Amino acid sequence: MLLQGKRFVVTGIASKLSIAWAIAEALHREGASLILTYPNDKMKKRVDMAAEAFGADLVLPCDVGSDAEIDACFAAVAEHWEDGIDGVVHAIGFAPADELNGDFTQVTSREGSAIAHDISAYSFVALARASRALLAKRQGSLLTLTYQGSISVIPNYNVMGMAKASLEASVRYLAASMGGEGIRVNAISAGPIRTLAASGIKSFRRMLDVNAKIAPLQRNVTQMEVGNTAAFLLSPWASGITGEIVFVDGGFNTVAISEQLLSLGDEE
Ligand code: 0WD
């Protein structure tokens, strides 16, 4: 087992389809102990289900829009695991629905942009600060989830593309800031996966189909493929890796023009 005796805090479980669910499953399978968090009472039941499935030690409230909740959450983590933790998983993204449907220039508002950046990007820095002392005790690491829409245009991803670009920059700044304490910080850039968050993006189903056609592996990735990569990045096997964005997308990001796209040229 890769993670026997290791301890992780996992955020972002919203359903069995959540990427965070698969990450928790992979960490548990590899022998780790878990603390799971939920953003509000509505979500608690779902996270309780995960806690039962993976034998989690604790389930704690942690709405990352609130500094007070983040502080209280990590105070409770520190009380439970006094001598530190091995990692924190940030699997959280949010933008108001009307930001994710339509022409970018038209639909991107000041308020929507602020919310998307606060919950999807800044919150990673806030979690890093709150967990820093605990991570330093065990040379732990932080992991977040990002998407291709940060570096190239995906229809309707809109303000989330901005927020994910900011999140990816924070991975590099956090890695530099905390590397001296032995804390590593990485992100997985996952290919599209059908989850609750993804269903909020207009035309997501069509994106999945196109993605499977363009990616070198000619299919979409699964939650567990992301979960397994997460387990690796959070493990001592990845002790030399920090500040990185690791793609788990079937190779989609490596292709500019696929055979499928080339055939568009035949239409003229
Ligand atoms: O195709 C996909 N599904 C991809 C997702 C491709 C690449 C990256 N990602 C990212 C997402 O952007 C996100 O950062 O992976 C991360 C996890 O997303 P997911 O597993 O796709 O989506 P979901 O199962 O909906 O989990 C995201 C959760 C929330 O779900 P809802 O559905 O309730 O918005 O983020 C959590 C919540 O559990 N969340 C919060 N947690 C704490 N505080 C907050 C908050 N304020 N807001 C949302």
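Any read-out appearing in this document is the output of simple, stated calculations on the displayed coordinates, not a laboratory observation. As the structure is a computational prediction, the values presented were derived from the model and not from experiment. Glycine gets a Cβ as well: all are built from the backbone with ideal geometry, and neighbour counts include every protein chain shown.
A few points about this structure:
- Applying the condition of being closer than 16 Å to ILE19 by Cβ, without any contact (Cβ under 8 Å) to a residue 60 or more places away in the chain and not polar (S, T, N, Q) to segment 128-154 and asking which residue is surrounded by the fewest Cβ atoms within 10 Å (Cβ to Cβ) yields GLY149.
- Residues located in segment 165-186, provided they are surrounded by 16 or more Cβ atoms within 10 Å (Cβ to Cβ) and among the acidic types (Asp, Glu): GLU168
- Residue check: ALA32 meets all listed conditions (1) surrounded by fewer than 20 Cβ atoms within 10 Å (Cβ to Cβ); (2) more than 16 Å from the ligand (Cβ to nearest atom); (3) in contact (Cβ under 8 Å) with a residue 24 or more places away in the chain but one, namely (1).
- Filter result for ASN186 (away from the ligand (no atom under 13 Å from the Cβ), closer than 21 Å to ILE23 by Cβ and either in contact with a Phe, Trp or Tyr (Cβ under 8 Å, 6 or more places away or on another chain) or not acidic (Asp, Glu) (or both)): yes
- Test result for VAL77, among the β-branched types (Val, Ile, Thr) and more than 19 Å from the chain's Cα centre (by Cα): yes
- Of the criteria (1) within 15 Å of the ligand (Cβ to nearest atom); (2) assigned to a loop (DSSP other than H, G, I, E, B), which one GLY102 fails: (1)
- If you go through segment 7-29 and keep only what is out of contact with any Ser or Thr (no Cβ under 7 Å at 6 or more places or on another chain) and more than 14 Å from the ligand (Cβ to nearest atom), you end up with PHE8, LEU27, HIS28, ARG29.
- Index of the failed condition, GLY149 passing every other in (1) of a type in the set (Gly, Ala, Ser); (2) outside any strand (DSSP E or B); (3) within 22 Å of PHE8 (Cβ to Cβ); (4) within 12 Å of the ligand (Cβ to nearest atom): (3)
- Selection status of VAL125, of a type in the set (Val, Ile, Thr), assigned to a helix (DSSP H, G or I) and crowded, with 22+ Cβ neighbours inside 10 Å: no
- Looking across segment 126-146, the residues that are within 14 Å of the ligand (Cβ to nearest atom) and either closer than 23 Å to VAL246 by Cβ or of a type in the set (D, E, K, R) (or both) come down to ALA126, LEU127, LEU142, LEU143, THR144, LEU145, THR146.
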